[in-house]
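Working notes, beginning with the structure itself.
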Amino acid sequence: MISPQIIQDYRRLFVNRPAYTLQSARPHPETGRHYYFTPKKVGTGAPVELTEVTIRRHLDGEITIGLYAINPDNQRCKWLAIDADYQNAMEDLLKLQYRLTQDGVEPALELSRRGGHLWIFLARPLLAKDCRVYIHDIALRLGVPVKGSGQREGIEVFPKHDSIEPSAFGSALRGPLGIHRDANRRFWFHGADYTVDAQIAYLNGFRKLTEHQLEMFIAGKERPKPDNSPQERGTASGRRARPARLEFRILEYVAPLRKVGRNYVTRCPSCAELGHDRSGDNLAILIRDPRFYKCWAGCAKEMIRAALGRPTHMEIA
């Protein structure tokens with residue numbers, strides 16, 4: 001039985017906003033996998049807010065939730081997570097863990113199917129962009145690959161965005177201590193008994209990163225720009241022109257593609273952020289008009305665009 005205190009502790013550690021995702025209880029009929037979706041209220045279609053009852057059901061193993069890192073009201077997060085899910089991922093996680101401890105930061109190591117997650121808890125919510133600078137700088141100095149910065153495989157840093165729009169969600173990460181439906185098991189934090197009570201007590205004891213520490217760690221540093229960041233171009237007059245703003249074309253951002261009937265089929269970027277769609281067939285793009293695309297697992301257009309680093313507010317029709 002999950003006590004009210006455990007639920008409160010879990011909320012304090014991991015919940016930064018009431019929005020959440022839910023892992024499907026039933027496997028996809030074609031892939032056999034359990035995808036995440038945003039639960040909606042019947043009738044209005046508005047997102048359902050996270051409650052203590054939802055958290056209890058997650059910890060009891062009845063459901064599995066995904067949690068968002070950034071609160072769009074202030075662009076801050078209350079935790080950082082480093083997700084490593086590739087060959088030899090644990091070796092990189094252990095290097096990062098050791099380096100973080102040299103700074104006096106205590107990361108909690110959560111196991112996963114092919115690697116694990118390092119969670120860093122914050123004394124108070126801190127700006128997402130500052131947190132990302134810190135982790136990216138450490139990874140760069142250690143030579144640990146970061147996915148999306150010219151690397152096909154590497155760690156993923158949550159939050160995955162420096163900031164998000166007021167109505168956006170960002171990227172969700174599976175809530176710890178629930179049952180992963182694809183694996184049909186819990187993945188525990190290393191270092192404590194495998195019970196929910198013992199795990200929460202263990203996490204409560206971790207030293208939390210303060211704003212003063214973070215400011216010292218990132219002083220004079222900035223996160224490297226992605227390889228596809230727009231570059232300024234010179235004009236014939238010698239002046240610098242503003243980068244051209246082009247209509248979004250999804251075929252320029254996804255690969256590889258294969259044809260299935262009237263559609264191209266490929267991996268959904270939003271599903272991939274959560275470690276899903278390993279078969280690479282969730283996203284369908286209409287061949288005759290690629291402006292029309294759909295994720296069969298239920299990811300909204302805004303989620304797909306955000307995962308590609310091209311949120312919908314950047315599009316010009």
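The values are calculated or read from the model by the stated rules, or taken from the named source; none is laboratory data. These numbers were taken from a predicted model, which means no experiment stands behind them. All Cβ positions, even for glycine, are placed from backbone atoms using ideal geometry, and neighbour counts span all protein chains on display.
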Subset of the stretch 20-64 that is without any contact (Cβ under 8 Å) to a residue 40 or more places away in the chain and aliphatic (A, V, I, L, M) - its residue that is nearest to Ile2 (Cα to Cα): Val53
Top-ranked residue of the stretch 149-183 - restricted to ones that are small (Gly, Ala, Ser) and surrounded by fewer than 16 Cβ atoms within 10 Å (Cβ to Cβ), ranked as nearest to the chain's Cα centre (by Cα): Ser163
Glu30 farther than 29 Å from Asp281 by Cα and among the charged types (D, E, K, R): no
Restricting the stretch 25-57 to residues that are at pLDDT 90 or above and either under 17 Å from Leu173 (Cβ atoms) or outside the structural domain of Ala183 (by TED's automatic domain parsing) (or both), the residue that is surrounded by the most Cβ atoms within 10 Å (Cβ to Cβ): Ile55
Residue that is farthest from Arg310 (Cα to Cα), among those in the stretch 255-276 that are free of Cβ contacts under 8 Å to residues at least 40 places away in the same chain and part of a loop (DSSP other than H, G, I, E, B): Gly261
Breaking point among (1) touching a helix residue (DSSP H, G or I) at 6+ places or on another chain (Cβ under 9 Å); (2) at pLDDT below 95; (3) part of a loop (DSSP other than H, G, I, E, B), for Leu22: (3)
